[in-house]
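Contents: one structure, followed by commentary.
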Amino acid sequence: MNTEQRSNLISRLSDIINDDRVERLQEVLNQRTRYLTIVLDDIYQPQNSSAIMRTSECIGIQTINIIEDRNEHKTNRDVVKGSSKWIDLNLYECEDGRIECIKNLKQQNYKIAAMTLNQESIPLEELPVNEKLALCFGSEDTGLHRAQEHKADYKVQIPITGFTQSYNVSVSAGISLYYLINKIKETNQNWQLTKDEKEKLLIEWLSKSTPTGRILLDKYKTESE
């Protein structure tokens, strides 16, 4: 679909949605980023992965990568609060999927940051943000898979000054994402989505903003072909 066709779709879908809603979609879209993404490796408690998804959407992260190995990815509807509707999920399965996930991210020029309590880990505030980042969080009981740590460009931890040995994974993700997204914006990195990415997402979001949106979108696409 070319730019003119996307523009036509946006115009036609916007005509059936109230102006305040369209304006809100545009506001959120302008804060979306793929400069920072996360990898959830075999999280086994649905409330944790759901909380991370919700936090990610609130902060503006557009893409989350999910790895299933021993644990099937599930969402807790009461926790996720509909946030999964507005973000992109990439699902990978088992050991091969874990390798494929990291390979794909590196091909997209992401630097891999393994969140781990490894003795070699640097504090979160020392993690550079001059390149795209993928933060990897591991299972609650066993931590991050060794393959992730081995392939990581950085090993990172959030300093702990209390007696407890680790943060809950959803809390760790929330602290890390909030800190890093603000640091990225402060250093004037090119963190926003491209024009094409924004147009494609806006079409998708407009279609989700009305009960008949998907039907109309399919109809309009057919008419534009």
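Under the simplified labelling scheme, the Glu100-Asp196 pair shows an inter-label distance of 2.4 nm, with each label point 7 Å from Cα along Cα→Cβ. Rounded to the nearest whole Hz, the Karplus-based 3J(HN,Hα) values (6.51 cos²θ - 1.76 cosθ + 1.60, θ = phi - 60°) of the stretch 79-85 follow the sequence 8, 5, 6, x, 5, 5, 5, with x at glycine and proline. How far, in degrees from 0 to 90, does helix 3-14 lean away from the longest principal axis of the Cα atoms of the chain, to the nearest 10? That helix lies at roughly 80 degrees to the long axis. The mean sequence separation of alpha-carbon pairs under 8 Å and at least six residues apart, normalised by the residue count of the chain, gives a relative contact order of 27 percent. Length available on full extension from Thr161 to Asp69: 0.36 nm per residue minus the Cα-Cα distance, which gives 29.9 nm.
Taking amide hydrogens as placed 1.01 Å from N in the peptide plane, the amide H of Asn90 sits under 5 Å from those of Ile64, Asn65, Ile66, each at least 5 positions away in sequence or on another chain.
Near Gln26: Cβ cut-off under 12 Å, other residues only, Lys/Arg at +1 and Asp/Glu at -1. The net charge is -1. Once C-alpha pairs closer than 8 Å and six or more residues apart are averaged by separation and normalised to the residue number of the stretch 4-102, the relative contact order reads 26 percent. About the centre of its Cα atoms, the chain shows a dipole size close to 340 debye [charges on the beta carbon of Lys, Arg (+1) and Asp, Glu (-1) only; nearest 20 debye].
Near Lys111, the amide H atoms lying under 5 Å from its own belong to Lys132, Leu133, Ala134; only residues 5 or more places off or on other chains count, and H is placed 1.01 Å from N. When the chain is treated as a Gaussian network with alpha carbon springs shorter than 10 Å, the biggest mean-square fluctuation among Arg70, Arg24, Arg98 belongs to Arg24. Listed values for the stretch 161-176 are Karplus-derived 3J(HN,Hα) couplings in whole Hz (6.51 cos²θ - 1.76 cosθ + 1.60, θ = phi - 60°), namely 10, x, 7, 5, 7, 7, 8, 4, 4, 6, 5, 4, 5, x, 4, 5, and x replaces Gly and Pro.
Using alpha carbons only, how many degrees (0 to 90, rounded to 10) separate the axis of helix 46-59 from the longest principal axis of the chain? Orientation of helix 46-59: about 60 degrees from the principal axis. Across the options Ile16, Thr37, Ser207, the greatest Cα extent toward the positive end of the charge dipole of the chain (unit charges at beta carbon of Lys, Arg, Asp, Glu) belongs to Ile16. The angle between the Cα long axis of helix 19-29 and the longest principal axis of the Cα atoms of the chain comes to about 30 degrees, rounded to the nearest 10.
Full extension of the chain segment joining Arg214 with His150 gains 18.7 nm, where the gain is 0.36 nm per residue of separation less the Cα-Cα distance.
3J(HN,Hα) couplings calculated from phi for the stretch 114-124 with the Karplus curve 6.51 cos²θ - 1.76 cosθ + 1.60 (θ = phi - 60°) are, in sequence order, 8, 7, 8, 8, 3, 4, 7, 5, 9, x, 3 Hz; Gly and Pro show x.
Readers should treat all values here as calculations from the given coordinates under stated rules, not as data from a laboratory. Quantities reported herein were computed from a predicted structural model and do not represent experimental measurements. As a convention, Cβ positions derive from the backbone with ideal geometry for all residues, glycine included, and neighbour counts pool all protein chains shown.
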